[in-house]
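The values are calculated or read from the model by the stated rules, or taken from the named source; none is laboratory data. Just so it is clear, the structure is predicted and the values come from calculations on it, not from any experiment. Note that each Cβ is placed from the backbone with ideal geometry, even for glycine, and that neighbours are counted across all protein chains shown.
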Amino acid sequence: MDWVANLLVAFVSLIALVTDFKWRRIPNWLTFPAIVVGILLNAIVGWDGLVRSVGGLAFALAFMLPFFALDLLKAGDVKLVLAWGTIKGLGQPAWQTFALWAFLYGALLGGLMSLLVLVQKKAVSETWKRVWAIFGLMLGAPSQLTKISDSSPMRMPMPYGIALSLGSFLAIAMEWWFGRVCPFIAS
């Protein structure tokens, strides 16, 4: 049954990657049916599967909601991770949950993608000045934080679904190679 879940995650992630690249959105027609299919797929196993699926959904919602509330991620990105949580379910122990690590791997890849864009646009020094100004403000030091211009590369929206989808592929690979989604933390 696990290979079916991995195939479904890969299929949903591939479509999300394409739609986010092409139209800058992850559509509801993809995420909502994936959530329903994830619940049904796990319910076939029995009550334990259903509880695991709903637990994965709830766990994914718990760690994704703050990112949405702070306007750091769009709703499509959040629903994509919720779909993974429903399809793969809650991990045992909880820190081995697929959706969590797929998101974290995606965040790492998204950071690398952002860095490459900043290097390409020659905006690394502008970004570092801003980061240090923010740290200075947090520590109470006098700091000059200027407004970001509309033409700045820091204002460019990034299709984060691409990074998240790649993160899910990396999580599947980790699970396949090492037997768990995060081999760096002992179960």
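Restricting attention to segment 35-51, the residues that are surrounded by 13 or more Cβ atoms within 10 Å (Cβ to Cβ) and under 17 Å from Leu61 (Cα atoms) total 5. From the list Val37, Val45, the one residue that fits, being outside any helix (DSSP H, G or I), in contact (Cβ under 8 Å) with a residue 12 or more places away in the chain and more than 18 Å from the chain's Cα centre (by Cα), is Val45. Over 25 Å from Pro33 (Cβ atoms) and out of contact with any strand residue (DSSP E or B) (no Cβ under 9 Å at 6 or more places or on another chain): does that describe Leu90? Taking the combined requirement at face value, the residue does not satisfy it.
Between Ala94, Ala102, the distinction of being assigned by TED's automatic domain parsing to the domain that holds Lys22, within 30 Å of Phe11 (Cα to Cα), modelled with pLDDT under 95 and in contact with a Phe, Trp or Tyr (Cβ under 7 Å, 6 or more places away or on another chain) belongs to Ala94 only.
Selection within segment 60-96: residues that are of a type in the set (Lys, Arg) and within 22 Å of Arg24 (Cα to Cα). The member of this set that is surrounded by the most Cβ atoms within 10 Å (Cβ to Cβ) is Lys79. Against the definition (outside any helix (DSSP H, G or I) and assigned by TED's automatic domain parsing to the domain that holds Asn6), how does Arg25 come out, yes or no? Yes.
Here is the figure for segment 112-157: residues that are within 27 Å of Phe11 (Cα to Cα) and modelled with pLDDT under 80 total 1. Of all residues assigned to segment 61-73, at least one qualifies as being within 22 Å of Ile15 (Cβ to Cβ), modelled with pLDDT of 95 or more and in the same structural domain as Thr31 (by TED's automatic domain parsing).
Can you confirm whether segment 61-70 contains a residue that is closer than 22 Å to Pro183 by Cα and in contact (Cβ under 8 Å) with a residue 24 or more places away in the chain? Among the residues of segment 61-70, at least one is closer than 22 Å to Pro183 by Cα and in contact (Cβ under 8 Å) with a residue 24 or more places away in the chain, which makes the answer yes.
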